[in-house]
Every structure is written in C-alpha cells, then in structure tokens.
Amino acid sequence: MPMPFVLAATLLTCGAGIVLSLVLDDSRIPALLGCLGAIASLLLLVLSGASLFTGTSFHETLWTIPQLGALTLSLDRLSALFLFISGLVLLPASVFASGNLFRYLGKYSLRTYCILYFALFATLVLIPISADALSFLMLWESMSILIYLLVNYEHEEKEHTRAGYIMLAIGEAGTIAVALAFITLARNGSLEFAAMKAAGIGLGEEARWSVFLLAFFGFGVKAGLVPVNFWLPQAYTSAPGSFVPVLAGATLNLGIYGIVRVNGYLLPALTPGPGLVALIIGSVTAILGILYATTQSDLKTLLAHSSIENAGIITAALGAGFVFVALKHYPLAAIAFAAALYQMLNHSIYKTLLFCATGTVDSHTGTRNIDRLGGLIKVMPLTAGFFLVGALSIAALPPFNGFDSEWLTLQTMLQSAELASTGIKIVFAICGAILALTAALSVTCFVKAFAMSFLGMSRSEAAAQAERAPRVATVPMGFLALLCFLLGIAPTYVIPILDGPIAPIAQAARAADALVPPFFAGNPHHNELPAAFVADFHAIGAQVGQSVMPARGLIVMHRGGAANPVVFAMSTFYTAVVLALMLLGTYVVFRLIISSSRAVDRRVVWDGGIRRLLPEMTYTGTGFSNPVRVIFEAVFRPTMVEDTSETVGKHFRAAIRRTRGENHVLDRLILDPISDAALQAANGFARMHHGFLNAYAVYGLAALLVALLVARFA
Amino acid sequence: MTNWVIKGLRTGVKSTRYPRAEETAAGCSPGLPAATRLPSDLAEMIVARCPTGALERSLEGVDVDLRRCVHCFRCTRGSNCTVDWSGGYDWAGFATERTGAFGPPFGRSLHILVVDTGDCGACLSEVKQLNNPYYNMHRLGFFLTPTPRHADVLLVVGALTEQMRLPLRKAYDAMPTPKRVVAAGACALSGGVFGRSFICSGGVGEFLPVDVEVPGNPPPPLAILHGLMVVAGRKPPASLYRRVENSSADEPR
Ligand code: SF4
C-alpha cells in the first residue's frame, strides 16, 4: 500500500474518533478511545516503520497558498523515527487511557477529552512530516493549544488552571522564537524546508547564531530545557493520568525533533560554539532535573523532573554531536547522535511505562504522595513489577534499555579526547562529570521512587487496601516493559536502524560502522575487520551465537583513533545471558543442595523489639532523599518558616509546626526577577493614572509635541 | 605525626593470656562459694544466712547452687563459721537438657547479640569489658552485632522483667538457626535478689531455651568469656551445682 494512503488512513481514524465521540454516550467513550487509538497507532507504526526500516519516503505538495508558499508533507527517515517512537508510545497509552478514563466519568466530559485526544493525535502525526515552515508552525501552534486544553482537563482545580496558563504563555513565547528562526532562515522567500536548507549555506555567522539560539530555546520549551522548563513539572503534575504518558513520551520528543531538524539538519553549525551551548545547557538541565526529581515526594512530579533530566541528557549528546560535526569528526558525531536518539527512544518507552504505573497507583489509592504509599507490591504485584522494570531502565542498569544509551552518552563525552582544542576538551570533561553525577543521582531517585512506594509497610489505609490493576492497565505496561528489555539487550540491532535518521545530520557517517563491528562471519562486512582483531575477541566469545543471529554482532565497540587509542566495548546481550545463568544457577544450587535439607522458619520481621511497628516509624521517601537535599542545599535554598509553637511553661516546647518552602532555582534566578521587574514597571505606569482630567490633557499634548518634533527632525 | 606505632610496639601485648594460659592477675575474679563439708547444725545456720537460697543442706554439709548465688558474702564473712571459697572463673556450664555447644564451623566466628532484660548495669559493664584491649574477645573470633539477623548467640543479662519479654522473644525469633542462648549473671539465671516476684519471672530459662549459664553477680569478664568458649565448643563446661564430694575414703560404703 502506498504510504500516503496509510497516512490518510491514520488521519481518518483520528477523524472517525472525533466524529464517533460526538455521537456516542460518555460511558462508551473510553472503549472508543482505546480501540481507535490503538488502530491509529498501529497504522502509524506501519507508516513510519516502512520508512524507518526500508528507507522509502514520500514528498507531497498539498496546496499552495498565495504569498506564503506551498504546504508540503514529506516523510524521511528522521521524521519516521520520531513517528515510530510516537506510535510505540501512543499504542499502549491509548489502551491505558481507555481504562484510566473511567475515573472522570460523570465529573468531566469524556467526549471533550476524546475529541482533544484525537485532534492531538493527528497533529502529533503531522508535525514531523510537515516539510515547510508554515504548516509546521500552524501544527505546532495547534499542538500547544491542544496540550493546554488537555493539561487543564480537570479544570475545576485551581492549580491545574494556573499550570495551564504558565504553560500556554511560555509555549507561545517558544513558538514566536521558532517562527523568528524560520523567518531568518527563509532568505530566498520560500518557506519549504528544502529551500531553507539551500539558503542556509550562505548565511553569515551572526544570523547562524541567532537562528541557533532562537530555534534551540524555542523548541527547548517543549523539550524542557533550562531555563524555559519551569512550566513542565506543574503541567505534568496537573495533566490527567491518562494523558501524561503522551506528554512525556511523544510531545517532549517533538521539542528534540525541532532542535534536530533545524539545528542539525537545516542549518548545521560550522563552528563548535552552538554545539557547546547545547552541551552545557543539556548538562545543566540534566543535573537540575535529577536534583529536583530526587527530592520530590509526589510520584508524578518526580517523574516530570526526571523527564527534564532525560531531555538534558539527550540535548547534551546532541550538543556533542553538533560539536563533532562542526569539527568534522563525523564518525564521532554519528556516535553522539546515536546516543541522543537512542536515549530519546528509551526515555519515551520507560517514561510512558512509569507514568502508566503511576497513573494506576493514583487511581487505585487516590494518592501519588510517596510518603502516603508503601507496601503496594503486596496488593498490586504486576504494577509493582512493571514499575520496577521502568525504574531499573531509567536508572540505567543493565540489561534494560537506559543503560545502553547512557553508556553511549558517557562514552561520547570521553571521545572528546580526539579533539584538538583544549578548551573544548575541558567543557566536555566537565559536562561528562555532570552527566555521570546525574546518572548516579538517578539511581538514588528511582530507588526511592520504587522502594518507598512499593516496598515496606503501607503508610495509609488506601495503600493497604488498593485493588489489583485491571488488565487494561497491566497489558500496556507489560508491552512497554518488554520493550524496555528488548531495547536493552539489542543495541546492536537498534544502532544500525538509527543510522538512517542520523545519516543526513552526521554527513552520511554511520554509527553502526563506528560502534558495531561486524564480528559475525555471516555479515558481508565481516572481512573488513583485521583478522588479529577478530581473533583477540574470539577468545572472549565475541562470536558466540553467530550462526543463529542475524546481526553484525552482539558487541557494541568503538576503537579510538591515534589521539585516543582506547577500545570501549560492552554487550548487554551477553550481560543478560550471564545474569540469567547466574540467577538460574543460584536458584538451582539453592534448591538442590541447600533447601532440600532445611525447612524455612518464618517469623515476624525484626523491628528492634518494639511492641508494634507502626508505618509512621518506617523510613519515608522524604527521609531517604534528605541527604541529597542537604548536600545540594546551595541549589535548593529551602526556606523554613515557623508557624506556631506550643510551649509548656517558658522553655519546654511541646509542638512546633513549620512550613517548608522551596523556590525552584530557575524561578529564583530567572523568573522571579523578570516578573518583579515587570510588576514594578507596571506600578510605575499606574502612577500616571490618578484620574485628573487636566493631567490626561497634558499627556495628550506632550505626546503630540513629541510626535511633531520627531516628525520634524527625523 | 604521633609515634603511636612505636609506642604500640614498645608496649607489647597486654591482653590476658586466657584461654591459652591461666589468668592470675589480682582481682580478676571474686571467686565463688564452694561446697563445704560441715556438721549439720552449722550447715543449718549457714543455709539460713543465704538470702537467695543458693546454699542447700546435704547429708555431709552444704551444697551450692551457683546459679542463685549473688555474691553477698554472707556465707563467708561476718560469722565465725564459713563455707569454703573457691577461686577461678571457669564457671559456665550447660543448662539442663539443652541443645549444647556449637560445632566446629562456629568455633572461631561467633556473632553475639547482647540483650539487657533488666540489668542493673553491673553485668552489662562486665560484658563491655570483653571488647577492651585487655580481654579483647575479637582475637577469639567473638563479635558483637547489633541485629539478631546476624547473631548466632543471644547473650542475655539482667533479671527478665515483664516489659522485656516481648523484645527478647522477638530477638530470639529473629535469629537464624542454629542459635544458642547464653544467660549471664545470677539475675538472668534465677532472678537473683529479685527471685520470682511480681516484676521478674525468675530466670530467662523459664522463657527461652537457655543453653549455657554463666553464674556470678556479676560474672567477671573471664567467666563470660568462658561461657562463650563453652557455647562455641572450645572449652569443657563446669558444673553449676556443686555438691560435697562423697569421697571420704575412710567411711565404709
Ligand atoms: S555469697 Fe552466694 S551463697 Fe553465699 S550467702 Fe551470698 S548468695 Fe548465698
């Protein structure tokens, strides 16, 4: 079937969803959303998969608007990758939503939700394949508005409305910045991307910088980059549990898409400067994101901050890629871009999983506060298991997928040893250290998120009596968990696929050539490897499985050049095999030798000998993350206000109540000064309005005089 | 830099030589009453002087139940008639009908959880001495642990009060098998001066299966060490009930 037809079918399914939701009763809506959402996602996967795996593409001009140019759609491999990830996220997210939506039944209009959802679905499909600035901006704008409406879906809560407004405002600012970038690029009058790319070649250095900064920070709003991400945690927290997976898994990627499309593809940087900016901003975003994630006690907010962290890692890797491209180290650039896109793919999968699990916990216990949860593994074992998979993935532990991409990202940073300039090397080293710290903190963060909510004792009635998650929630989570595992053990299959999208931005260099040596004898490139090299790795089993698996090999490996003669290598596949064998072996040994002769005696847990262990006495999430809060107090700058204190006599304090406030570092340093200044200026102007008619006449006269003087002398 | 290395080397080893050799330092043990051959009227009198009923009349004199003796010295001072007094410190013995000592795998690495079930501080203070450089129980492979999950031996000191029954039971339950219980001090063995009263059950043995008992009030560190050696199976146990030996050769059988 030709691709435009598949595209049309996808959009028609979305349309059908909108039309049917107008007709159907509210109680039927969730099923409709689940079914049609899944069908549309499958069609989307077919469409993008065909392009991503086989390289077919299409380019259609829809119609031409006078003075503004043609509206065109074009699907290349870069778009296909983003569409494919969206499909992978939307498929489980739609099914999940169909189960999760019932909690709004009778309270909010499900019809509205469904219409907005499918409209957003359509824009998500169209944005990556729109090939001119006009349609791109129109779609981008409608996406912003639709997201605003969906985030503000539970509009009776004041906080949600506020979060929505902030998001809308900053989103508009981002769109304007992006529009300005496009206008700067459209020098020869055409708004089509192809023409812009051609026009970009002759652009001067100032114009390049301005396009880079405008597009980078404009798209950075959606991606969640410092300093324009203050909307993100609030919006994610306010968004309905069924929608937030889409927000984190699909729309965040579009911000990255914009940066890759404009800064990587349309106008690749010629100097390392822009890349370094992206690298630094990415690293700062990552560390701030994980710091705030670690100290959150609301699961959803925690995950939102962790999305910021992941966006930061992706951007840092992209920035490294830009630097390598500018300095003409194309294979290294391919590695960096592979790391970035791989990380993005992984983030979409595991974050969707985690948000689905959190949504399930929320709807089954009524709270997302980690300090009120606990012990959920006993009442909802499957959800707990899937959350654990997600947490292991995001904490970058093998054999799950987060490990592959974070490992690649850190290795990319180390590859800067190949560069000539010491200054750039220092920036890379510092950013690499920050990213390593981020990775370590993310382990802390997700140990807390999992252990404090799923293990131990239930800290509230609701958590103790939660029911098992229904199949409509566990099946999507299972699907995502499986993807986490598969993407984790098969990097050697994923990287060659990522090469398609990478090729145009890395000057046709291929990450697969740099990263996956063709160890398997069946591979046509096998003979390119030096025989001694193969023999070296033969001894440690690099060729185990070569006759059964269709790949270049199962080892990810890069051999540094003359300036950096080191080999880095890993194989999550073999790691997984060894891990499984070790676990199995331990189990067998235990069963056969040890436990056959001994009975297990189960007694109550050791609680220090107290009369009754109360949930209040156990470790809380806040307590767990407090060391991080203390160590990084310079960043958090908590404020502590003593509200009341009851005293007995004069000195003995019976009770102290305190309110702890925390102003996000970005609010403190950037947002608050701006809003204070704006308020002060507004107050200054307000003083002119004191209501005397004479004064207003004087203003008018003065304005007239000024205008006349200007007209005379200018 | 301080010259602590040189100082340490110059000082040499100051730890007790027990259990390789006898410890002979003055005051290392208060001693214990010994079973004494006495005429029956004197025996009657002495038995009456003992506040805890540790002394018992037998045919030929006075027997001593070491588990009850609280070292009040009433049977050896303040009167012209006294029982014999024995020195030494190898006092620990097996409680009746208990599991017995550990086998070889535990001999050189024993982790001990100390539970104070109502101690006046005396026994605990003696237990504390075991960790100091003089008694240095680490050299023998004995280690204190704060959690029952790691413990092989539960060392109980103090009269078992009502409030400490539950914690003691929980600690015992939380220990992995194989496990042993050592009770140290007269209070833990028999209730000591509290005996069986409204506040005290009259010995840990009535509540938990005690394996090794260390008499003394408090038992000196070496006696506790002996108790640990006994439970580890590295020293033979002593008898806890001293009888007058029926050995007078001149008497016809
Ligand atoms: S020293 Fe012991 S045996 Fe002698 S009277 Fe006191 S408690 Fe009884």
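We did not get these values from a lab; they are worked out from the coordinates using the rules stated. Everything numeric here is computed off the predicted structure, so don't read it as measured data. Here the Cβ positions follow ideal geometry from the backbone for every residue, glycine too, while neighbour counts run over all protein chains shown.
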>> Using only the Cα atoms of segment A:510-577, what semi-axes does the equivalent ellipsoid have when each is the square root of 5 times a gyration tensor eigenvalue? Give whole Å, largest first.
In response: 19, 14, 12
> Setting aside same-chain residues fewer than 8 positions from A:Lys107, which lysines have a Cα under 24 Å from its Cα?
Replying inline: A:Lys158, A:Lys300
>> Whole-Hz ³J(HN,Hα) for each residue in segment A:167-174, computed from phi via Karplus 6.51 cos²θ - 1.76 cosθ + 1.60 with θ = phi - 60°, x for glycine and proline: what do you get?
In response: 5, 4, 4, 5, x, 5, 4, x
> In terms of modelled amide H atoms, which long-range or inter-chain residues lie less than 5 Å from the amide H of B:Gly61?
Replying inline: B:Leu38
> Can you work out ³J(HN,Hα) from phi for every residue in segment A:662-673, in order, using Karplus 6.51 cos²θ - 1.76 cosθ + 1.60 and θ = phi - 60°, giving whole Hz and x for Gly and Pro?
Replying inline: 9, 9, 4, 4, 6, 4, 5, 8, 10, 5, 4, x
>> Residue by residue through B:173-180, how many Cβ atoms from other chains fall within 10 Å of the Cβ on average?
In response: 2
> Rg (Å, one decimal) plus Dmax (Å, integer) for the alpha carbons of segment A:65-223?
Replying inline: 18.1, 59
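What is the fewest-to-most order of B:Cys72, B:Cys28 by other Cβ atoms lying within 10 Å of their Cβ? Each step should come with its number before you reach the end.
Values: B:Cys72 15, B:Cys28 19.
In increasing order of surrounding Cβ atoms, one gets B:Cys72, B:Cys28.
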> If contacts are Cα pairs under 8 angstrom and at least 6 residues apart, what is the relative contact order of chain A in percent?
Replying inline: 11 percent
> Per-residue ellipticity at 222 nm for chain A, helices alone: DSSP H runs ≥ 4 residues times -39500 (n - 2.57), over residue total, nearest 500 deg cm²/dmol?
Replying inline: -21500 deg cm²/dmol
>> Relative contact order for segment A:422-536: what percent, with Cα pairs under 8 Å and sequence separation of 6 or more?
In response: 10 percent
> Is there a simple number for the mean count of other chain Cβ atoms within 10 Å of the Cβ of residues in A:664-671, and what is it?
Replying inline: 0
> Can you give the direction-averaged projected area of the convex hull of the alpha-carbon atoms in chain A, in nm²?
Replying inline: 43.9 nm²
> Sorting A:Phe450, A:Phe337 on the 10 Å Cβ count, fewest up front, what's the list?
Replying inline: A:Phe450, A:Phe337
>> How compact is segment B:93-232 by the rule of thumb for globular proteins, expressed as Cα Rg over 2.2 N^0.38 Å?
In response: 0.95
>> Taking beta carbons within 10 Å but only from partner chains, what does the mean come to for residues B:146-158?
In response: 1
> Which whole-number percentage describes the relative contact order of segment A:1-118, with Cα contacts under 8 Å and a sequence gap of 6 or more?
Replying inline: 37 percent
> Considering amide H positions built from the backbone, and no H for Pro or chain starts, which residues 5 or more places from B:Ser86, or on another chain, come under 5 Å of its amide H?
Replying inline: B:Leu32, B:Ala34
> If each Cα of segment A:101-176 is one equal point scatterer, what is log10 of I(q)/I(0) from the Debye formula at q = 0.11, 0.20 Å⁻¹?
Replying inline: -0.32, -0.90
> How about segment B:32-137: which GluC sites (Glu not before Pro) there are in a DSSP loop, with at most 10 other Cβ atoms within 10 Å of their Cβ?
Replying inline: B:Glu97
>> Compute the distance from the alpha-carbon center of segment A:611-633 to that of segment A:418-456, in whole Å.
In response: 23 Å
>> For chain B, what does the helix formula give at 222 nm: sum of -39500 (n - 2.57) over DSSP H segments with n ≥ 4, over the residue count, nearest 500 deg cm²/dmol?
In response: -6000 deg cm²/dmol
> Can you give the Rg and Dmax of segment A:1-125 based on its C-alpha atoms, in angstrom?
Replying inline: 15.9, 49
> Can you pull the percent of Cα pairs in segment B:1-103 with separation above 19 Å?
Replying inline: 59 percent
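Once Rh for segment A:239-327 is found with the Kirkwood sum over Cα pairs, what is the Stokes-Einstein diffusion coefficient at 25 °C and 0.890 mPa s, in µm²/s?
Once the numbers are plugged in, D ends up at 179 µm²/s.
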> Given H placed 1.01 Å from N in the peptide plane, which residues other than close sequence neighbours of A:Ala542 have an amide H under 5 Å from its amide H?
Replying inline: none
> What list do you get for A:Leu376, A:Leu332, A:Leu482, A:Leu146 if you sort them by fewest beta carbons within 10 Å?
Replying inline: A:Leu482, A:Leu146, A:Leu376, A:Leu332
> Of A:Lys448/B:Lys170; A:Lys328/A:Lys425; A:Lys378/B:Lys170; B:Lys14/B:Lys128, which pairs sit farther than 20 Å apart, going by alpha carbon to alpha carbon?
Replying inline: A:Lys448/B:Lys170; A:Lys378/B:Lys170
>> Can you tell me the mean projection area, over all orientations, of the convex hull of segment A:183-228's alpha carbons? Units nm², please.
In response: 3.5 nm²
> Got a sec to turn the phi values of segment A:457-467 into Karplus ³J(HN,Hα) couplings, 6.51 cos²θ - 1.76 cosθ + 1.60 with θ = phi - 60°, whole Hz, x for Gly and Pro?
Replying inline: 9, 6, 9, 8, 4, 4, 5, 6, 10, 4, 8
>> Using Cα springs under 10 Å in a Gaussian network model of chain B, which residue among B:Pro148, B:Pro133, B:Pro220 shows the largest mean-square fluctuation?
In response: B:Pro133
> What area, in nm² and to one decimal, does the C-alpha convex hull of chain B cast on average over all directions?
Replying inline: 17.5 nm²
> By how many nm would the segment from A:Val710 to A:Ala562 lengthen if fully extended, with 0.36 nm per residue of separation less the alpha-carbon distance?
Replying inline: 46.7 nm
